[in-house]
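Working notes for the structure below.
The values are calculated or read from the model by the stated rules, or taken from the named source; none is laboratory data. Everything numeric here is computed off the predicted structure, so don't read it as measured data. Every residue, glycine as well, gets a Cβ built from its backbone with ideal geometry; the counts of neighbours run over all protein chains shown. Accessible surface areas use protein heavy atoms only, side chains included; no ligands, DNA or RNA. Shrake-Rupley method; radii C 1.70, N 1.55, O 1.52, S 1.80 Å.
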Amino acid sequence: MFKKKGLILLLLCFSVWGISQTRITIEDPAEWVASDLSPYVGQTVTFATPMYVCNNYYYNSGRLSISPRRIYSPTNQAIPLSEEYETIVSLNKDGIVTLTGINGYHRMGEKILNLTVKVNSTSSVSAVGTPVFAGNSRADMEKGAPSVDMRGKHRLLVCTFNLEYYLVENLGTDYGPDNTTESDRQHTKIMNALKKIQADIFGFVEIEQGQAALQKLAQSLTSATGRKYNYIDDGGSAYGSYTKSGYVYCEETVEPHGNLQNNNTGVMNRKKMQGFKEKATGEVFIFSLNHFKAKSGSASGADADQGDGQGTFNASRVREAQSVVSAYNTAKGYYQDEDILIMGDLNAYGKEDPIRVLTDADMTDLHRYFHADSSYSYVYRETAGYLDHALANSTLLKQVTGMAAYHINSDEHDGFTYDKSSDQTMFRSSDHDPVLVGLALGEDNTNDIIDSNFEECYIELRNGHPTIHYAKDGYYRIYDVSGNLCLQGRITDTDQTIEETLPKGFYIIHVYVEQQQKQFKLMIL
């Protein structure tokens, strides 16, 4: 991915508002660094390449951090301490510049088109005129939860959501709400999100122990949606502000299959398995819900920070991942079904050791399977990545119609939390995004008419439009070099031309047919 230094190419000069202005294109946003601005210090320039908001921490003062790419956690995209990891660490450090002179509120991940700035230094630019922001706005999120129906057969929706200390009792312990006013506002914000999602099964983490919190959410969902929701009673009682993982489900579509299985390796009450049966079909799957040990806090020995980007308690998280695999090997006999969906806040990014324990055990990372390097559910400072996971074993994978994170929280400013403002929208109802998975249980797409020549699949350009050959009944996703999803869709013909026009540039195309996947690189001139 990272082969040579990104360049800024001079395209043309023209005059706007009487100012001599240079239009520049960033040849490779993935490798651009702020020092590339040095030839333009003191000048007014327009970026032909879109810039992205990477940090909105200082938005009230008219400042944003921007870059021509989203900044991702190195261990979300590369194995810790690998050469690629070291390259990303270096590029992240040098790939951000401060933009001043901005009005209004803008979420992280918003794109700025044709941004005109005065270059003050290699670390600071000032907006000239009124920039145009596009995409990833609150208005975009209000349109509804993202599609999880890439395969066209979605019936059940499963959602996991870290509720960031959702408490209804034991308030004022320095964790979660301090009083009933904050608790009510927290509940309102979370319910506004859940009403948008309306999953058939919710897996909540960081929720108060005991049954009161789960009961309140189930009752509120029933009242808000008109669908009957219930919860899995784990028999525990509330004490202090300790949190657990727990299930809420829609009785109209699913029912529990067997009893709840607890796994208390490491942190207690946070790793569970429950079988669920779809009422319409009688199909069963195992839902493994987890919340691994956090990266924060002091630790010693193998749990000490090893300086590899994985933080403290990595060894503990590895043991927790191993225990999930072990628990599954037992549970599939108990539930008499091997289909498993592993979800939850694993406090590890996509390429870290605990996740590789799971993928080495025949689990497919659905973030990467469906979204390549563009997926995230959590933003820490400028860096995005996914701590909130969804993995499926090989038998369930063919029944997964899609997955996505719903970016209502991670890109928001912290000032909109229930304890810092009177805001009651769904935005920043937590510090983690909900993660959604679509299922069509019992559907085996290998029974579809699939092009038997997929091994010969290739892509060619026809009048500037990609044409995909030999992937009928699969689907495609097209990403730019920053890992941003540009186009996606079903492949309905043996030779299918993508009619949408792509701007000139470099793209990566993923073609999926069943459990097979091919990747192509494409340059549109």
Counted residues in the range 260-292 being among the β-branched types (V, I, T) and open to solvent by 20 Å² or more (accessible area, probe 1.4 Å) come to 3
Of the residues in the range 387-429, those that are of a type outside the set (G, A, S) and either touching a strand residue (DSSP E or B) at 6+ places or on another chain (Cβ under 7 Å) or at positive phi (or both) number 14
All conditions in (1) part of a loop (DSSP other than H, G, I, E, B); (2) surrounded by fewer than 20 Cβ atoms within 10 Å (Cβ to Cβ) are true of D140 except (1)
A careful count of residues in the range 194-221 that are open to solvent by 20 Å² or more (accessible area, probe 1.4 Å) and closer than 16 Å to V158 by Cβ gives 2
Wholly inside the range 454-523, strands (runs of 3 or more DSSP E) that include 2 or more residues that are among the β-branched types (V, I, T) and closer than 28 Å to Y72 by Cα are 505-513
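Residues are listed down the side, and each one gets a yes or a no for (1) over 21 Å from the mean Cα position of the chain (by Cα); (2) more than 20 Å from A404 (Cβ to Cβ); (3) crowded, with 18+ Cβ neighbours inside 10 Å:
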site: I468; (1), (2), (3): yes, yes, yes
site: Y476; (1), (2), (3): no, no, yes
site: D480; (1), (2), (3): no, no, yes
site: T494; (1), (2), (3): yes, yes, no
site: T497; (1), (2), (3): yes, yes, no
site: K504; (1), (2), (3): yes, yes, no
site: I508; (1), (2), (3): no, no, yes
site: Y512; (1), (2), (3): no, no, yes
site: F520; (1), (2), (3): yes, yes, no
Counting only residues in the range 143-165 that are in a loop (DSSP other than H, G, I, E, B) and at positive phi, the one least open to solvent (accessible area, probe 1.4 Å) is identified as G144
message = It is to be established whether one or more residues within the range 179-193 are surrounded by 20 or more Cβ atoms within 10 Å (Cβ to Cβ) and part of a loop (DSSP other than H, G, I, E, B).
response = no
Within the range 375-398, of all residues that are at pLDDT below 95 and assigned to a loop (DSSP other than H, G, I, E, B), the one most open to solvent (accessible area, probe 1.4 Å) is R381
If we keep only residues of the range 295-321 that are open to solvent by less than 40 Å² (accessible area, probe 1.4 Å) and acidic (D, E), then the residue nearest to R356 (Cα to Cα) is E320
Of the residues in the range 99-126 that are assigned to a strand (DSSP E or B) and either small (G, A, S) or open to solvent by 20 Å² or more (accessible area, probe 1.4 Å) (or both), the one that is nearest to F47 (Cα to Cα) is L113
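Residue-wise test of (1) modelled with pLDDT under 95; (2) over 18 Å from the mean Cα position of the chain (by Cα); (3) aliphatic (A, V, I, L, M).
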| position | (1), (2), (3) |
| --- | --- |
| T44 | no, yes, no |
| F47 | no, yes, no |
| P50 | yes, yes, no |
| N56 | yes, yes, no |
| G62 | yes, yes, no |
| S65 | no, yes, no |
| R70 | yes, no, no |
| T75 | no, no, no |
| I96 | no, yes, yes |
Per the filter on the range 200-246, residues among the aromatic types (F, W, Y) and touching a Gly at 6+ places or on another chain (Cβ under 6 Å) are F204
With the first residue restricted to the range 168-181 and required to be under 11 Å from Y242 (Cα atoms) and of a type in the set (V, I, T), and the second required to be part of a loop (DSSP other than H, G, I, E, B) and at pLDDT below 95, Cβ contacts under 8 Å at 6 or more apart or on different chains are T173/G240; T173/S241
(message) Kindly evaluate A372 against the criterion of being hydrophobic (A, V, I, L, M, F, W, C), out of contact with any Pro (no Cβ under 7 Å at 6 or more places or on another chain), part of a helix (DSSP H, G or I) and within 26 Å of N259 (Cα to Cα).
(response) no
Expected output for the range 24-37 (first residue more than 19 Å from S374 (Cα to Cα), partner open to solvent by 20 Å² or more (accessible area, probe 1.4 Å) and aromatic (F, W, Y), Cβ below 8 Å, 6+ apart or cross-chain) is I24/Y40
*Out of all the residues in the range 414-428, is one or more modelled with pLDDT of 95 or more, under 22 Å from the mean Cα position of the chain (by Cα), open to solvent by less than 10 Å² (accessible area, probe 1.4 Å) and farther than 28 Å from E110 by Cβ?*
no
When restricted to S35, S65, the only residue among the small types (G, A, S) and in a strand (DSSP E or B) is S65
